[in-house]
1. Restricting to chain B, what percent of DSSP beta bridges are antiparallel, rounded to 5?
2. Is the shape of the stretch A:218-317 best called rounded, prolate or oblate, per the rule: a/c under 1.5 gives rounded, else a/b larger than b/c gives prolate, else oblate, with a ≥ b ≥ c the square roots of the Cα gyration tensor eigenvalues?
3. Can you give the angle from 0 to 90° between the axis of helix B:470-488 and the longest principal axis of chain B, with both taken from C-alpha atoms, to the nearest 10?
4. So for chain B, averaging the separation of alpha carbon pairs under 8 Å that are six or more residues apart and normalising by length, what relative contact order in percent results?
5. With a ≥ b ≥ c taken as the square roots of the eigenvalues of the C-alpha gyration tensor of the stretch B:517-590, please select rounded if a/c is under 1.5 and otherwise prolate if a/b is larger than b/c or oblate if it is not?
6. Enumerate the calculated ³J(HN,Hα) couplings along the stretch B:239-250 in order (Karplus 6.51 cos²θ - 1.76 cosθ + 1.60, θ = phi - 60°), each rounded to whole Hz, writing x wherever the residue is Gly or Pro.
7. Restricting to the protein assembly as shown, compute how many DSSP beta bridges are antiparallel as a %, nearest 5.
8. In which sequence would A:Lys32, A:Lys56, B:Lys350, B:Lys299 go, from the one with the fewest C-beta neighbours within 10 Å to the one with the most?
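Bear in mind these aren't lab numbers, they're just calculated from the coordinates by the rules spelled out. Here the structure is a predicted model, which means the values were calculated and not measured. Don't worry about glycine lacking a Cβ; one is built from the backbone with ideal geometry, like all the others, and counts go over all protein chains shown.
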Amino acid sequence: MVLIRDLFLQGAQMLLVLAVAPLLVGFTRKVKAWLLRRNGPPLIQPYRDLRRLLRKEIVVAENASWLFRSAPYLILAATWVAAALVPTFATGLQFSWTADLIVITALLGSVRFFLALAGMDVGTSFGGIGASREMMFASLAEPAMIMIVFTVALVAGTTQLSEVADFVFAHASLRVSLALALVALVIVALAENTRIPVDNPATHLELTMVHEAMLLEYSGRHLAVIELAASLKLLLYISLIVCMFTPWGLAQSGSGPTAYAIGVGSYLGKLAVGGFLLVLFETSIAKMRVFRVPEFLGAALMLGLLGTLLLFVSRTF
Amino acid sequence: MTAIAIALWGVAGFLATAFLGVIARRSSKASQLVYLLSLIICLVILAISTRQLFAGAGEVTAMRLPIGLPWIGAHFSIDSLSAFFLLVINLGGAAASLYALGYGKHEEAPERVLPFYPAFLAGMNLVLLAADAFSFLAAWEFMSLSSWALVMSHHRDPENMRAGYIYLVMASFGTLALLLAFGLLAGPAGGYAFDEMRGLIHTAWLPGVVLILVLLGAGSKAGLVPLHVWLPLAHPAAPSHVSALMSGVMTKVAIYGFIRIVFDLLGTPAWWWSIMVLVLGSVTAVLGVLHALLQRDLKRLLAYSTVENIGIIFIGLGLALAFEANGMTGAAALSFTAALFHVLNHSLFKSLLFFGAGAVLTATGERDIEKLGGLIHRMPQTAFLFLGACLAISALPPLNGFVSEWLIFQAILISPTLPQWGLKLVIPAVGAMLALGAALSAACYVRAFGITFLGRPRSTAPASAVETDRMSLSAMFALLGLCLLAGLLPGYVIDAIAPTTTHIVGQAMPVQASTAWLSIVPIERSRSSYNGLLIFAFITISTLLIVNAIHRFASRATRRAPAWDCGYPDPNPLTQYTADSFAQPLRRVFGEFVFLARERVTMPRPGDPEPARLEVRLRDLVWDVIYLQIERSVAFAAERLNYLQFLTIRSYLSLVFAALVSLLLVVAIWS
């Protein structure tokens with residue numbers, strides 16, 4: 001009985017992240033439009049886009065290989081698994097212990113690996129430039145992420161996300177190292193989701209050729225799957241931030257249905273606030289030149305390293 | 001028969017096979033026979049070493065043969081440390097022999113490879129079996145020389161000649177350092193058997209000197225920066241199955257030498273040893289992968305990536321030293337297990353990568369990735385296998401490379417409890433370097449795979465390539481299968497390493513096979529756990545779900561059309577992104593600092609039909625600062641001492657006499 005309930009909760013989490021992810025993208029687009037004094041597309045526009053893409057014929061380049069055609073599914077599957085392992089509305093779910101923070105980071109690394117290869121598969125120069133820049137960003141963003149993980153793990157004494165959330169919930173206090181980690185994580189999240197100031201998800205200009213350049217050859221259902229994976233990744237990063245730094249409202253394992261309802265409600269609220277802050281930041285800043293980005297990400301790496309060093313010096317920071 | 005006797009008979013078998021290779025080198029069946037015999041012997045030694053490993057930590061079988069120096073004899077033994085490394089080496093050897101059953105047919109000069117290949121295997125096995133300094137050094141030198149002969153098998157190429165020369169110099173230097181290390185370890189009584197060395201109490205300064213000598217000796221064979229310079233030259237020069245052996249396996253023999261002397265013979269470590277090992281390891285890891293990122297030669301790229309992985313292994317060993325010095329045996333066991341796990345992992349995927357590079361080389365005759373491309377269409381199975389190995393070596397879950405790095409990260413997370421300030425400041429930086437190395441290695445392998453196998457053919461060679469033979473493919477499939485198994489069921493691997501860890505560190509990691517769902521739990525469940533099997537199952541199930549849903553609800557219409565490329569596709573394959581352009585952003589971020597990279601663009605004036613030029617100058621600082629200086633000073637000294645060649649016989653005799661007298665004086669003063 002308990003097992004069935006746990007499996008149900010885990011399944012609910014998987015479906016929740018998949019269902020909410022396009023809504024989050026729609027919400028950020030709407031808020032951005034409001035901030036720019038536009039009306040903006042309706043909230044459910046991303047779902048409509050997905051449906052339209054799914055119904056279209058796909059056009060595959062003549063020399064595309066099996067890798068090109070299977071990569072979208074692998075990308076979505078791995079992102080989905082990673083997103084389902086981050087506590088959203090409850091901690092200590094059935095499979096929360098299969099992967100810790102380092103594994104989630106590395107899973108996103110696998111996603112990026114396949115995305116970059118898919119970009120290079122057709123052999124166009126745009127795909128190559130996108131893959132090359134993506135890997136350059138990742139070469140700094142990933143160590144920064146590991147340093148953030150170290151900082152958080154040293155504070156909480158664990159790399160398990162559920163345990164981290166429980167720890168922060170129980171021993172909430174302002175800590176220098178956690179503040180450094182938060183700033184670094186925001187920078188990494190911006191870069192990983194190719195948001196302004198690193199890249200602009202709304203355009204196809206050559207200046208912003210990173211993420212979109214790798215997808216240029218995709219169409220129809222492949223593109224729909226990749227777009228869904230991208231929105232899941234945005235959701236994942238916001239979930240990660242809210243779960244580690246504001247775990248209030250999360251349902252503990254074994255609590256009643258009300259707790260879970262509160263968990264879902266507060267999660268959606270936190271997502272909305274996170275999305276709003278993201279858009280607010282995006283509209284107030286200009287996009288950087290590509291070769292400024294390493295400095296930006298280098299700052300995140302240094303902040304993460306500083307946080308870790310402080311904790312090596314004394315656990316009280 | 002005891003395990004050691006079987007192993008020694010195996011070595012004798014290798015030597016007999018080598019002899020057979022000499023006799024029958026002209027016959028057409030010779031290569032099949034030599035590789036088949038090597039395969040069988042490798043499998044036999046693999047079986048007995050596995051049995052020995054599972055027999056437990058204290059299990060030692062020893063033997064003394066009346067060969068070697070008359071008053072010492074030759075001691076041989078297998079304990080759990082040598083059993084683990086025997087397993088790794090013969091696994092790699094068996095895979096290489098299986099691969100060579102197919103690959104060896106393409107060899108242009110089999111008579112230069114066949115005698116030395118089994119001899120090389122014999123040398124590596126003997127190093128692991130040796131239990132006294134003399135037989136260890138003799139076997140070590142035998143291994144070096146036979147691999148040198150293999151490096152020189154295509155000796156007409158001037159580049160290979162240079163590689164062979166540098167390798168020979170570095171190998172001799174390494175053996176010299178080890179010779180001195182053993183000399184110090186033997187103590188005043190001159191006990192050269194390992195058993196006698198273990199019991200000795202050393203003076204305060206001696207272990208430190210021995211450590212430095214071992215870092216020089218074993219480090220030069222393993223490819224530790226700055227002693228790595230020979231490795232990216234020599235490993236690619238050999239035939240590909242030998243490259244796989246040298247990179248995947250011989251470097252592990254060097255790691256064994258380091259562990260044997262530093263962890264086993266030298267007694268309790270001091271904490272500052274670990275700082276040296278950690279700093280060297282992390283510098284090696286990052287510098288190796290940065291070099292690999294900029295290579296165009298596929299095999300050289302793989303060789304530089306070996307340098308990186310050796311760095312990762314040394315980071316694990318350094319952490320183990322740090323914990324052991326502070327009596328934290330549990331944490332030491334974790335780091336030591338991580339290092340050994342990476343030893344196994346690297347031997348698997350690096351062999352696989354070299355086999356793939358060999359398959360590409362035979363199919364296209366090309367090692368320069370700028371001339372390859374699109375091979376995924378012509379060689380789909382090799383492409384798949386190479387991709388698997390790239391994923392594994394880039395430390396991506398759920399494959400095996402990730403597990404060992406994850407274990408090292410877990411070990412780093414325990415290290416704030418270490419009392420020394422030096423370690424507290426160094427270890428976070430080491431963690432950052434390790435993470436940087438992992439991320440850069442992903443970039444490196446995206447580049448290697450993407451340029452070689454994806455896109456369109458950049459020259460005529462890859463356009464007409466054909467899939468490699470079945471023997472080579474089966475060797476590669478076996479290795480990829482092992483990579484996947486070690487990644488999905490890491491608990492069993494950790495448990496298999498446990499006897500070795502207990503033997504060397506005094507404690508093993510908790511037993512993993514009994515944890516729920518076969519997760520690995522290094523310390524306790526609430527702290528960290530990882531389950532590769534479930535992650536793999538989740539990804540597989542979700543992929544199937546998505547594919548199923550898409551095929552049910554989405555349009556199935558598919559049309560093949562020319563590439564879109566934003567509306568301006570260029571049919572010329574030379575307009576594709578090249579390996580150099582792929583590496584350019586990273587070169588710009590890291591190269592200016594590490595390689596003093598300078599770029600110069602010469603643009604012709606408008607209307608001038610001359611081509612524009614981009615010149616990139618990179619400097620290998622290790623080579624320029626250390627090796628060129630040494631070369632210069634040697635040349636200077638040789639110039640100065642030149643006149644000694646033209647003395648009279650009387651002067652020579654008086655020189656000899658003076659040398660004798662001064663040496664006797666030294667001995668008199670010493671004792």
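1. On the way: 14 of 14 bridges.
Antiparallel bridges make up about 100 percent of those DSSP assigns within chain B.
2. Numbers: a/c = 2.07, a/b = 1.08, b/c = 1.91.
Since a/c reaches 1.5 but b/c is at least a/b, the shape of the stretch A:218-317 is classed as oblate.
3. Rounded to the nearest ten degrees, it is 80.
4. Values: 1074 pairs, mean separation 79.8, N = 671.
The normalised contact order for chain B reaches 12 percent.
5. On the way: a/c = 4.76, a/b = 1.40, b/c = 3.39.
Judged from the Cα gyration tensor, the stretch B:517-590 comes out oblate (a/c at least 1.5, b/c at or above a/b).
6. For the stretch B:239-250, the Karplus curve yields x, 4, 5, 6, 4, 4, 5, 5, 7, x, 10, 5 Hz.
7. Numbers: 14 of 19 bridges.
Of all bridge pairs located within the protein assembly as shown, approximately 75 percent are antiparallel.
8. Numbers: A:Lys32 20, A:Lys56 15, B:Lys350 29, B:Lys299 24.
Fewest-to-most ranking of A:Lys32, A:Lys56, B:Lys350, B:Lys299: A:Lys56, A:Lys32, B:Lys299, B:Lys350.
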